[in-house]
Amino acid sequence: MKNLLDKSGVFVGGAIGAAIVIIVFVIVFVSPPDSIKPEIVVSNGHSPSTVGETTPIYSRSLSLIEIFEKSEPGVVRVNVQRSQTVDGVGGVGSGFVFDKKGHIITNSHVVDNAKKVVVTFLDGRSYNAEIIGIDEFTDIAVIRVNADLTLLHPLLIGDSSNLKVGEQIAAIGNPFGLSGSMTSGIVSQLGRLLPSGEGYSIPDVIQTDAAINPGNSGGPLLNMRGEVVGINTAIQSATGEFTGVGFAVPSQTIAKIVPTLIEKGEYKHPWIGISGRDIDPDLASILELKDAVGFLVVTVVENSPASKAGLIGSEKIIELEGIRYAMGGDIILSVDGIEVRQIDDILIHLQRAKSVGDKMVLEILRDSRTTNVIIVLQERPNGN
């Protein structure tokens, strides 16, 4: 398995490790037709607003039947051909209509390296699709079809920041190539970190127990008002089949990334340029900290925003009970006034509220004294 997480550190705005448990993620994308061998992977945000062309807002909760009937016309099947030959390697995923201009949202891993993409609507009509933009860092892609306007039923993009653990949700897609399938469940947790294939992590991810299987990739995760609150992306599984833990990239991320993908074909993510580890109780005791919160900077990348702002990495290693601990680096206590309990808080803030060129104020603990450091965020480099 590639890109295994390094338990000793985490890349801010980048690769994760430290306190994050090593898990195996299955890309939720199915190669048709009979033998299902799902691919194994180790896998910033303005408040969502009305983006694209949307349907009217529903203020009341709908039944699952109403949600399906309302949303099904806007969910599509995405067939991909990855070689020049008709019988070559391909796959089947899902997507949903974003606007009346023919833009379709799906996962980047669904259309990655595609030679040909075909979108099929509810009534069976199919169209060749053009890839408009891909953001591998958030596993989001936008494709476009020149389809009959009567087929384009944009789904309303909701606000994932309003989700609560335990809230009922539904997923629609094409599991194992079975078009137009719906499952339901609840929001199991919020703010998860999902490793991406680019060596960085997707922050703020929704965890759900709604059944998501290979082929669901790119399909919508819907709240009980029929609004899209996420795009189904991955599952945690050792077999490639659903085991009760699925993941969806939140609509806050969709609302921020997709318009830029449509306009420019790519999205530039902000980057700090440090690696380190969360403060755990043992490390807090060694550093004589009152609480086990914050993020210890171990390494500062040369010529990164952190380096230019003067952040200091760890200078020595001590061993305690057979465990090696980095010492002497800055400890990040807050970002823009938001308390940093662990790395998740930094990454979520970068994703939700920051863009390349923005300034970010870090409150750090250095030599037993707190001080503020201002960082000017740069574009995240590719890979690790």
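Computed from the coordinates by the stated procedures, all read-outs in this text should not be read as laboratory data. What you see is a predicted model, and the numbers here were worked out from it, not measured in a lab. Methodologically, a virtual Cβ is constructed for each residue, glycine included, from the backbone with ideal geometry; neighbour enumeration extends over all protein chains shown.
Starting from the Cα of residue 264, step 7 Å along the direction of its Cβ; do the same at residue 186; then give the gap between the two resulting points in nm.
Between residue 264 and residue 186, the label points sit 4.1 nm apart.
From the phi of every residue in the range 238-252, what ³J(HN,Hα) in whole Hz does the Karplus formula 6.51 cos²θ - 1.76 cosθ + 1.60 yield, where θ is phi - 60° and glycine or proline is x?
Result, rounded to whole Hz: 9, 10, x, 10, 5, 10, x, 10, x, 9, 9, 6, x, 5, 4.
Calculate the spin-label point distance for residue 178 paired with residue 101, positioning each point 7 Å from the Cα along the beta-carbon direction, and give it in nanometres.
With each label point 7 Å from Cα toward Cβ, the separation is 3.7 nm.
Output the peptides 255-263, 148-156, 92-100 sorted from most to least packed, where packing is the average of other Cβ atoms within 10 Å over each peptide's residues.
The peptides rank, most packed first, as 92-100, 255-263, 148-156.
Give the cross-link partners of residue 70 among the aspartates and glutamates, using a straight C-alpha distance below 14 Å as the criterion and excluding same-chain residues fewer than 8 apart.
227
Relative contact order of the range 137-268, please, whole-number percent, based on alpha carbon pairs below 8 angstrom and at least 6 residues apart.
Contact order relative to length: 25 percent.
Taking amide H atoms as placed 1.01 Å from N in the peptide plane, list the residues 5 or more away in sequence, or in a different chain, whose amide H sits under 5 Å from that of residue 116.
Result for residue 116 returns 81.
Structure shown: which of 116/268; 101/354; 264/354 lie over 24 Å apart, alpha-carbon to alpha-carbon?
Violating the 24 Å Cα-Cα cut-off are 116/268; 101/354.
Output the peptides 280-286, 200-206 sorted from most to least packed, where packing is the average of other Cβ atoms within 10 Å over each peptide's residues.
Ranking the peptides 280-286, 200-206 by packing returns 200-206, 280-286.
How many nm is it between the label spots at residue 282 and residue 150, if each spot is 7 Å from the Cα in line with the beta carbon?
6.7
How much FRET efficiency would the formula 1/(1 + (r/R0)^6) give for residue 125 and residue 84, where r is the Cβ-Cβ distance and R0 is 41 Å, rounded to 0.05?
Efficiency at R0 = 41 Å is approximately 0.95.
Run the reach check for residue 316 against lysines, Cα to Cα strictly under 29 Å, same-chain hits fewer than 8 apart removed. What comes back?
Of all the lysines, those that pass the test against residue 316 - Cα under 29 Å, at least 8 places apart if same chain - are 7, 290, 308.
For a quick check: with amide H placed at 1.01 Å from N, whose amide H comes under 5 Å from residue 169's, ignoring anything fewer than 5 positions away on the same chain?
Correct list: 185, 186, 187.
Run through the range 267-373 and list the GluC sites (Glu not before Pro) located in a DSSP loop whose Cβ has at most 10 other Cβ atoms within 10 Å.
Filter output for the range 267-373: 288, 302, 315, 321.
Sort out for me the Cα centre separation of the range 268-286 from the range 322-384, rounded to whole Å.
So the two Cα centres are separated by 8 Å.
With contacts defined as alpha carbon pairs under 8 Å and 6 or more residues apart, what's the relative contact order of the range 270-379 in percent?
28
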